[in-house]
Amino acid sequence: MCLAIPLQIKNISGDRAELFDGRKVNAVLIPDLKQGDWVLTVNGIIVNKIGANEAQAVLDLIGEERKNERT
């Protein structure tokens, strides 16, 4: 099972995007991506573009799960 975590595009050039976590991923599947967009990646490929609110909601849920795992 794969979990796609929201990440933000730092730079984009052609069909390659650099994310703020330092990863470089393939962006060929999603047209019209730009710097600052939030995306979901699986195995080094951007598979979906999402809004900032959705990205934050997912990150909040992941944070809650991590807190619960520690207790």
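Let me make sure I get this right: for the chain, a, b and c are the square roots of the gyration tensor eigenvalues over alpha carbons, sorted descending. Under 1.5 in a/c it's rounded, otherwise prolate if a/b > b/c, else oblate. Which is it? Because a/c hits 1.5 or more and a/b exceeds b/c, the chain counts as prolate. Candidate cross-link partners of Lys10 among the lysines, defined by an alpha-carbon separation under 24 Å and a same-chain spacing of 8 or more, comprise Lys24, Lys34, Lys49. Between 0 and 90 degrees, the angle of helix 52-70 with respect to the longest Cα principal axis of the chain falls at about 40 degrees.
Peptides 45-51, 17-23, ordered by how many other C-beta atoms sit within 10 Å of their residues on average, highest first, read 45-51, 17-23.
Modelled this way, with points 7 Å down the Cα-to-C-beta line, the labels at Asp32 and Gln8 are 2.2 nm from one another. Other residues with beta-carbon under 13 Å from the beta-carbon of Ser13 carry, at +1 per Lys or Arg and -1 per Asp or Glu, a net charge of +2. A dipole drawn for the chain from +1 and -1 charges on Cβ atoms has a positive end, and of Leu33, Gly14, Ile45 the residue lying farthest that way is Gly14. Estimated from helices alone, the mean residue ellipticity of the chain at 222 nm is -9000 deg cm²/dmol (sum of -39500 (n - 2.57) over DSSP H runs with n ≥ 4, per residue). Summarising the label geometry, the points placed 7 Å from Cα in the beta-carbon direction at Asn68 and Arg16 lie 4.0 nm from one another. Taking the Cα centre of the chain as origin and assigning +1 to Lys and Arg Cβ atoms and -1 to Asp and Glu Cβ atoms, the resulting dipole is close to 200 debye.
Quick note: the coordinates plus some simple rules give every number you see, no bench work behind them. In this text, all values refer to a predicted model and were calculated from it rather than measured experimentally. Here the Cβ is made from the backbone with ideal geometry for all residues, glycine too, and neighbour counts use every protein chain on show.
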